[in-house]
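Here is the structure we will look at.
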Amino acid sequence: MKYLGFDQQRPRVAVFDLTGCEGCELQLANKEETLVDFLSAIEIVAFREVSSAASDDYDIALVEGS
């Protein structure tokens with residue numbers, strides 16, 4: 001991704017659930033009309049609802065159920 005002619009790294013995002021039903025997380029995954037654009041702008045490194053891959057190295061954490 002370039003911004004003003006400079007290469008930028010996509011932010012590494014992790015999604016965590018604490019106490020909720022995980023419905024909020026499913027809504028992110030179910031946004032089919034914008035999912036491709038969303039995923040091209042970020043790098044998912046932990047998101048139990050959509051991938052078994054997990055990493056502790058992330059820039060942004062989305063916490064559901066907090």
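Bear in mind these aren't lab numbers, they're just calculated from the coordinates by the rules spelled out. Not measured: the values here are computed from a predicted model. Here the Cβ positions follow ideal geometry from the backbone for every residue, glycine too, while neighbour counts run over all protein chains shown.
Taking packing as the residue-averaged number of other Cβ atoms within 10 angstrom, the listed peptides 4-11, 28-35 run from highest to lowest as 28-35, 4-11.
So what is the 222 nm mean residue ellipticity for the chain from helices alone, if each DSSP H run of at least 4 adds -39500 (n - 2.57) and you divide by all residues, rounding to the nearest 500 deg cm²/dmol? That comes out to -7000 deg cm²/dmol. Kirkwood hydrodynamic radius computed over the chain comes to 12.9 Å, based on all pairs of distinct alpha carbons.
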